[in-house]
Amino acid sequence: MDQNAKKQAVAKAALTYIKADSVVGVGTGSTVNYFIDELASMKDRIAGAVSSSQASTERLKAVGIEVFELNDVDNLGVYVDGADEVTEHKHMIKGGGAALTREKIVAAVADTFICIVDNTKQVPLLGAFPLPVEVIPMARSYVARELVKLGGDPVYRQGVTTDNGNVIIDVHNLTILNPRELETSINNIAGVVTNGIFALRGADVVLCATEEGVKTFD
Ligand code: 5RP
């Protein structure tokens, strides 16, 4: 089974968590794109979606799913999103698609975070994937110097502006032994909007597509 077939399989598996008449939190990325396509098959049975990016909003609307502003939604049962890395503790690195801040906000609101990945994303320790950090543009150099002090090698993601008008620094060569601590430390640097460690609010359920089918970790 190739990686795209795995993404499609895990996207379909996530549908079992969607309740009738609910508003669904929707993440960003290629795996989530498969999920949006699957969600379209039950669009008449859900109230709509809250989206974590312009890209997902456009795709949701294109398949006929209504997109609500997060501020207009009282309750979000389920948030479905991919990840760049995920551990057995359901800690993740996210933000490969530069949508990490809105993803973190929607994840914070949701009762249940369903992480959908294929098995290439499973890791024993976070950090091989460069850690995305969203930064206010005027703070870019300062934040980069502070990230060096934390042991990383920051690289400015050229040509990318986030949906919030900010820039992304990808931090290479971090060995993340304590994800919660590092998530907090990086978020405390002035000028950082948020970073792509999702450990303080990790996933509740990880659905992982493997050669043997979709495995559930909850
Ligand atoms: C976007 C994300 C994505 O969830 C992450 O990059 C995984 O994407 P894909 O499913 O394309 O591998 O965090 O900001």
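The values are calculated or read from the model by the stated rules, or taken from the named source; none is laboratory data. Bear in mind the structure is a predicted one, so any value in this text is a computation, not a measurement. Neighbour counts run over all protein chains shown; Cβ positions are idealised from the backbone, glycine included. Areas reflect the complete protein model, heavy atoms only, side chains present, ligands, DNA and RNA absent. Shrake-Rupley method; radii C 1.70, N 1.55, O 1.52, S 1.80 Å.
Here is how the numbers come out for the structure above:
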| item | result |
| --- | --- |
| Residue match in region 43-64 (condition: more than 17 Å from the chain's Cα centre (by Cα) and open to solvent by less than 30 Å² (accessible area, probe 1.4 Å)) | yes |
| Checklist (1) open to solvent by 20 Å² or more (accessible area, probe 1.4 Å); (2) away from the ligand (no atom under 15 Å from the Cβ); (3) closer than 19 Å to Asn164 by Cα applied to Asp74, failing item | (3) |
| Where Lys12 falls short, out of the listed (1) closer than 20 Å to Gln122 by Cα; (2) in contact with a helix residue (DSSP H, G or I) (Cβ under 7 Å, 6 or more places away or on another chain); (3) surrounded by fewer than 14 Cβ atoms within 10 Å (Cβ to Cβ) | (3) |
| Residue among Ala9, Ala40 that alone is within 16 Å of the ligand (Cβ to nearest atom) and either on the phi < 0 side of the Ramachandran plot or assigned to a strand (DSSP E or B) (or both) | Ala9 |
| Test: residue in region 146-160 that is within 15 Å of the ligand (Cβ to nearest atom), out of contact with any Gly (no Cβ under 9 Å at 6 or more places or on another chain) and assigned by the TED database to the domain that holds Arg180 | yes |
| The listed residue being farther than 22 Å from Asp118 by Cα, in contact with a strand residue (DSSP E or B) (Cβ under 9 Å, 6 or more places away or on another chain) and either assigned to a helix (DSSP H, G or I) or at pLDDT 95 or above (or both), out of Ala49, Ala20 | Ala49 |
| Any strands (runs of 3 or more DSSP E) falling wholly within region 101-170 and containing at least 1 residues that are in contact with a Pro (Cβ under 9 Å, 6 or more places away or on another chain), surrounded by fewer than 16 Cβ atoms within 10 Å (Cβ to Cβ) and touching a residue at least 24 places away in the same chain (Cβ under 8 Å) | 153-156 |
| Among residues of region 171-218, those that are farther than 30 Å from Met138 by Cβ and open to solvent by less than 20 Å² (accessible area, probe 1.4 Å), counted | 8 |
| Condition check for Phe68: under 15 Å from the mean Cα position of the chain (by Cα) and surrounded by 14 or more Cβ atoms within 10 Å (Cβ to Cβ) | no |
| Subset of region 59-114 [touching a Phe, Trp or Tyr at 6+ places or on another chain (Cβ under 9 Å) and modelled with pLDDT under 95] | none |
| Options Glu69, Glu88, Glu58: the member that is away from the ligand (no atom under 16 Å from the Cβ), over 28 Å from Thr175 (Cβ atoms) and not assigned by the TED database to the domain that holds Leu177 | Glu69 |
| Cβ-Cβ under 9 Å pairs, at least 6 apart or on other chains, region 85-100 side within 16 Å of Leu207 (Cβ to Cβ), far side assigned to a loop (DSSP other than H, G, I, E, B) and basic (Lys, Arg) | Glu85/Lys94 |
